[in-house]
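**Student:** Before I ask anything, let me first share the structure, which is written out below as structure tokens.
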Amino acid sequence: MSYSQAPCILAVDDMVDNLFLLQVLLESEGYRVETADSGRAALDKAKAKPPDLVLLDIMMPDMDGCEVTRHLRQNQQLSNVPILLLTAHKDFNVKAGLEAGANDLIRKPIDFDELLDRISAIFKPGTDTST
């Protein structure tokens, strides 16, 4: 698979260090990576060029991850893009994230092996990510 054919992942986090680590890790695995440092920037980037997957931090200052998820799900062009929420908050109600439309949730600090396994499962040949 060439780089231009590799799945594109939109990583969203207001912490620039977290974005950098995600970008380096995912690119080292052959994924194309776009980044956004706010919910609004994520929506703008997703609308301009729909990603194949969104990794979305929940706690951001302008718009939280659940709100961004709801906006993505309301957009016909983006409604089937898989969304993995990321959170450092132990008490975050996973059900709230799933009800907003997320496909799954990963707790921080991120176990990178677990993250890569979940991403691989999404992009596994024959897997329908539109549900």
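Read the figures in this text as sums done on the coordinates, not as results from a lab. What you see is a predicted model, and the numbers here were worked out from it, not measured in a lab. Glycine also receives a Cβ, built like all others from the backbone with ideal geometry; neighbour counts cover every protein chain displayed.
**Student:** Which of the three applies to segment 1-46, rounded, prolate or oblate, going by the alpha-carbon gyration tensor with a ≥ b ≥ c and a/c under 1.5 meaning rounded?
**Tutor:** Cα axes put segment 1-46 in the oblate bin.
**Student:** So what's the back-of-envelope 222 nm ellipticity for the chain, counting only DSSP H runs of four-plus at -39500 (n - 2.57) apiece and dividing by all residues, rounded to 500?
**Tutor:** Taking each H run of at least 4 residues, the total per residue is -12000 deg cm²/dmol.
**Student:** By count of other Cβ within 10 Å, fewest leading, how are 16, 54 ordered?
**Tutor:** 16, 54
**Student:** In what sequence, highest mean first, do 84-90, 110-116 appear when ranked by Cβ atoms within 10 angstrom?
**Tutor:** Sorting 84-90, 110-116 by mean packing, highest first, produces 84-90, 110-116.
**Student:** Continuing with the same structure: Taking the Cβ of residue 35 as the centre, find all other residues whose Cβ is under 10 Å away and add up their charges (Lys, Arg: +1; Asp, Glu: -1).
**Tutor:** The answer is -2.
**Student:** Relative to the present Cα-Cα distance, how much length would full extension add between residue 70 and residue 47 at 0.36 nm per residue of separation?
**Tutor:** Separation in residues times 0.36 nm, less the Cα-Cα distance, equals 6.9 nm.
**Student:** For 66, 8, which order do you get if you count the other beta carbons within 10 Å of each Cβ and list the fewest first?
**Tutor:** Ordered by Cβ neighbours within 10 Å, fewest first: 8, 66.
**Student:** So, one more: Check cross-link reach from residue 90 to the lysines: straight Cα distance under 24 Å, and skip same-chain residues fewer than eight apart.
**Tutor:** 108
**Student:** Taking the Cα centre as origin and putting +1 on Lys and Arg beta-carbons and -1 on Asp and Glu beta-carbons, what dipole magnitude results for the chain, to the nearest 20 debye?
**Tutor:** With Lys and Arg at +1 and Asp and Glu at -1, about 400 debye.
**Student:** For segment 64-80, what does the Karplus curve 6.51 cos²θ - 1.76 cosθ + 1.60, with θ = phi - 60°, yield as ³J(HN,Hα) per residue in whole Hz, taken in order and with x for Gly and Pro?
**Tutor:** Couplings: 6, x, 5, 5, 4, 4, 4, 4, 4, 5, 7, 8, 4, 5, 10, 5, 9 Hz.
**Student:** Continuing with the same structure: Got a sec? How would 28, 79 order by Cβ neighbour count within 10 Å, fewest to most?
**Tutor:** 28, 79
**Student:** Please list, in chain and number order, the residues 5+ apart from residue 106 or on another chain whose amide H is under 5 Å from its amide H, with Hs placed from the backbone.
**Tutor:** 85, 86, 87
**Student:** Another question, then. Which of rounded, prolate or oblate describes segment 28-70 when judged by the alpha-carbon gyration tensor and an a/c cut-off of 1.5?
**Tutor:** It is prolate, given that a/c is not under 1.5 and a/b is the larger ratio.
**Student:** Another question, if that's okay. Whole-Hz ³J(HN,Hα) for each residue in segment 47-60, computed from phi via Karplus 6.51 cos²θ - 1.76 cosθ + 1.60 with θ = phi - 60°, x for glycine and proline: what do you get?
**Tutor:** Karplus-based 3J(HN,Hα) across segment 47-60 equals 5, 5, 8, x, x, 8, 7, 10, 9, 10, 5, 7, 8, 9 Hz.
**Student:** Something else about it: Pull up all non-local amide H partners of residue 62: gap of 5 or more, or a different chain, and H-to-H distance under 5 Å with H placed in the peptide plane.
**Tutor:** Excluding prolines and chain starts, which carry no amide H, the hits are 39.
**Student:** Decide, for the chain, between rounded, prolate and oblate: order the square roots of the alpha carbon gyration tensor eigenvalues as a ≥ b ≥ c, take rounded if a/c falls under 1.5, and otherwise choose prolate if a/b is larger than b/c, else oblate.
**Tutor:** In terms of gyration-tensor shape, rounded.
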